[in-house]
Amino acid sequence: MADYRNLIGGKLVPAADGKTMNSVNPATGEVWTTIPASGPKDAEAAVAAAQEAFPHWSAMPALGRAYFLRKVSELFAQHAEELARLETRDNGRILRDTLKKDLPGMSHLWQLAAGQCLDAVKGDTVILGPDALGMTRREPYGVAVCIIPWNSPISTFSAKAAFALAAGNTVIVKPAEQASVSVLRLGELLAEVFPPGVLNIVSGMGEDVGDALVRHRGVGKISLTGSTVTGQAITRASADSLKPMTFELGGKSPNIVFPDADLEAAAQGITVNSIFTGNAGQVCVAGSRILIHRSIWDEVLERTQRIAESLILDEPLDLATTMGPIVSAGQYERVVSYLEVAEKEGAELVFGGRTGAEVVPHLPGGYWVSPTLYTTGDNGLRICQEEIFGPVAVAIPFDTDEEALAIANDSPYGLAAGLWTRDLGRAHRFIRDLRSGTVWVNTFRQMPPGLPFGGVKDSGYGHDSVLAYTREKAAIIQI
Ligand code: NAD
């Protein structure tokens, strides 16, 4: 039996056919624990449990649901250290981030979702004439399947499950095969909080248990945070049952530095706040294309290099560490392959490009890649167009605002963009004209609750919120 278990119908259970899979510590490359490798039978059991729990959970007054969500918030506060350490060991995201940023943020997020339970039951009234009244009511979809990636499991779990539950859905969460442990541990804790079947968690491969869940006709809503390829696969697999979807997918976000910017703030913003720290660039909104005005080109590159080379790559559980490893052997090989692509494409290496034991000699089995920056004048290169999902950025020069905008928008993705300028008019023009879900001005990678977070083009559509987990019904009443 695996060290961790699924949560189905309020019970902690192994995969139905007993299969397990390893979880690897990416800092060392060593197997450190085992998780259930669930399949279609587990998907079936989870959907049945969620369907059974739905009538009671959805009929509960909004304030009743809020009571449960507040309990989750308290639980996050009580178990913050344990959950942060598990997640860091499992996916390499540095403890500095999991402990100091993610976990405190999750307590607040579940409180926020508790406060929004009432929004999910509000409707409109429309006077249609002296003797007729129209009204709307919001209803949950039923069973919501939330599929999450490995880079911030607890945060992504919360951003979906908290709002889906607040809206009255019952939920099945499918964590990523590379990093499920923090979410499975959370399942052990939450088994004590929710009535059986309200929240279910099943780990396993995407093409196995994930595919079975998205095809299931008993599922009413799907929310995925993951890659564009997975979004496309899920769309195809669920086509027969026409399920509503929320897709938060990949990105290749531009970070644009103008000559009037505070250049030190910009250098911080394009390095540690964007791509080189925390998750080692494995961040959907990573500013992986740095567009720099030609007049400040050398200065920005020098400042960027100084900051990047001051980062401490080491054991992620050490609070002094400022950048962690790549999550898995597969992802490491993918990132390394892009270093070869960059060389073949003739991009110029400014700094970095070191891998494995060259980076952290005392952790030789870990999946390490040093912060790496290339330059090129050609935004058409593969390293400018494809999501690498590692600490590898490319800088591109520009001369005019029009050119910067054209390069920024020349991407299949449209998740986020950053601007560094003191010119308010320019900031507003770029906010208007950039084709992306979020635009940051003189800051980067802030995703405060209360603002939508999602993408356009290949970065997906929709965003997680309490209303995204409801549909509207109309009623017309003749008096
Ligand atoms: P992934 O797409 O490989 O996997 C994401 C999840 O989907 C996993 O749980 C996986 O098991 C599941 N999955 C895979 N194939 C499936 C299938 N056929 N049916 C059902 N489920 C399936 O992504 P990843 O490698 O875990 O994460 C990295 C990707 O996620 C990057 O592209 C990144 O940009 C994106 N991401 C986006 C956001 C955002 O909010 N926009 C946030 C974090 C990560």
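Taking a ≥ b ≥ c as the square roots of the eigenvalues of the Cα gyration tensor, region 210-369 is classed as prolate, since a/c reaches at least 1.5 and a/b is larger than b/c. Computed from the Cβ-Cβ distance with R0 of 51 Å, the FRET efficiency linking Glu52 to Ile431 stands at 0.60.
Tell me, what is the percent relative contact order of the chain, built from C-alpha pairs under 8 Å that lie six or more residues apart? Walk me through the numbers before you get to the answer.
On the way: 1164 pairs, mean separation 93.8, N = 479.
After rounding, I find 20 percent.
Cross-link reach is defined here as a Cα-Cα straight distance under 27 Å, omitting same-chain residues fewer than 8 places apart; for Lys344 the lysines meeting it are Lys252. Rounded to the nearest Hz, the phi-derived 3J(HN,Hα) couplings of region 230-244 under the Karplus curve 6.51 cos²θ - 1.76 cosθ + 1.60 (θ = phi - 60°) are 5, x, 5, 5, 5, 4, 5, 5, 9, 4, 5, 10, 6, 8, x, where x marks glycine and proline. The calculated pair-distance distribution of region 259-353 uses every alpha carbon pair, bins of 5 angstrom beginning at 0, and gives 2, 12, 19, 24, 22, 13, 6, 2, 0 percent.
Counting only trypsin sites (Lys or Arg not before Pro) that are in a DSSP loop and have at most 16 other C-beta atoms within 10 Å, tell me the longest site-free stretch of the chain. Maximal segment without exposed cleavage sites: 218-353.
Is the shape of the chain rounded, prolate or oblate, going by the alpha carbon gyration tensor and its root eigenvalues a ≥ b ≥ c, with a/c under 1.5 for rounded and a/b larger than b/c for prolate? Don't jump to the answer; show the numbers that get you there.
On the way: a/c = 2.02, a/b = 1.34, b/c = 1.51.
Oblate, because a/c is 1.5 or more while a/b does not exceed b/c.
Quick one, what does Rg over Rh come out to for region 221-302 if you take C-alpha atoms and the Kirkwood Rh? Before the final figure, lay out the partial values.
Working: Rg = 17.8 Å, Rh = 14.9 Å.
Ratio of gyration radius to Kirkwood radius: 1.19.
Computed 3J(HN,Hα) for region 144-161, one whole-Hz value per residue from the Karplus formula 6.51 cos²θ - 1.76 cosθ + 1.60 where θ = phi - 60°, is 9, 9, 10, 10, 10, x, 9, 6, 9, x, 5, 5, 6, 3, 5, 4, 9, 4, glycine and proline marked x. Globularity index of region 302-383 is 1.15 (Cα radius of gyration / 2.2 N^0.38 Å, N = number of residues).
When the Cα positions of Pro325, His463, Leu242 are compared along the charge dipole of the chain, Leu242 comes out farthest toward the positive end, with charges on each C-beta of Lys, Arg, Asp and Glu.
Relative to the Cα centre, what is the charge dipole magnitude of region 131-210, using +1 at the beta carbon of each Lys and Arg, -1 at the beta carbon of each Asp and Glu, and rounding to the nearest 20 debye?
Working: 5 positive and 7 negative charges, 36 e Å.
With only Lys, Arg, Asp and Glu charged at Cβ, the dipole is about 180 debye.
Out of every Cα-Cα pair that region 1-68 contains, those further apart than 21 angstrom amount to 44 percent.
Using the Cβ-Cβ distance between Thr34 and Ser310 with R0 = 45 Å, the FRET efficiency computed as 1/(1 + (r/R0)^6) comes to roughly 0.75. Of the residues His463, His216, His79, His362, the one with the fewest other Cβ atoms within 10 Å heads the list, and the complete ranking is His362, His79, His463, His216. For Lys11, which aspartates and glutamates qualify as cross-link partners when the Cα separation must be under 18 Å and same-chain residues fewer than eight apart are set aside? Partners found: Asp3, Asp42, Glu44, Glu52, Glu188, Glu192. For region 100-254, taking Cα atoms only, Rg and Dmax work out to 17.3, 61 Å respectively. Spatially, region 417-448 and region 101-164 are offset by 27 Å when compared through their Cα centroids.
Each part gets one Cα centre, and for region 218-253 versus region 308-361 those centres are 30 Å apart. Candidate cross-link partners of Lys101 among the lysines, defined by an alpha-carbon separation under 19 Å and a same-chain spacing of 8 or more, comprise Lys160.
In a simple Cβ point-charge model (Lys, Arg +1; Asp, Glu -1; nothing else charged), region 315-416 has a dipole of about 440 debye relative to its Cα centre.
Mind scanning Lys122/Lys174; Lys41/Lys243; Lys174/Lys473; Lys100/Lys457 and naming the pairs with a C-alpha gap bigger than 23 Å? Violating the 23 Å Cα-Cα cut-off are Lys122/Lys174; Lys174/Lys473; Lys100/Lys457.
Which of rounded, prolate, oblate describes region 1-132, given a ≥ b ≥ c as roots of the alpha-carbon gyration tensor eigenvalues and a/c under 1.5 marking rounded, otherwise prolate only if a/b is larger than b/c?
Numbers: a/c = 2.99, a/b = 1.59, b/c = 1.88.
Note, shape of region 1-132 comes out oblate.
Remark on Val173: its backbone amide H falls under 5 Å from those of Cys146, Asn200, Ile201, Val202, a criterion applied only to residues 5 or more positions apart or on other chains, H modelled at 1.01 Å from N.
What is the ratio of the Cα radius of gyration of region 131-207 to 2.2 N^0.38 Å, with N the residue count, to two decimals? If you can, show how the numbers build up before the last one.
On the way: Rg = 15.2 Å, N = 77, 2.2 N^0.38 = 11.5 Å.
Ratio of Rg to 2.2 N^0.38 Å for region 131-207: 1.32.
Quick one: compute the contact order of region 112-254, relative version, from alpha carbon pairs under 8 angstrom and 6+ residues apart, as a percent. Before the final figure, lay out the partial values.
Numbers: 225 pairs, mean separation 32.2, N = 143.
That works out to 22 percent.
Each reported figure results from applying straightforward, stated rules to the coordinates on display, with no laboratory input. Bear in mind that the values here come from a model prediction, so they are computed numbers and not experimental data. Here the Cβ is made from the backbone with ideal geometry for all residues, glycine too, and neighbour counts use every protein chain on show.
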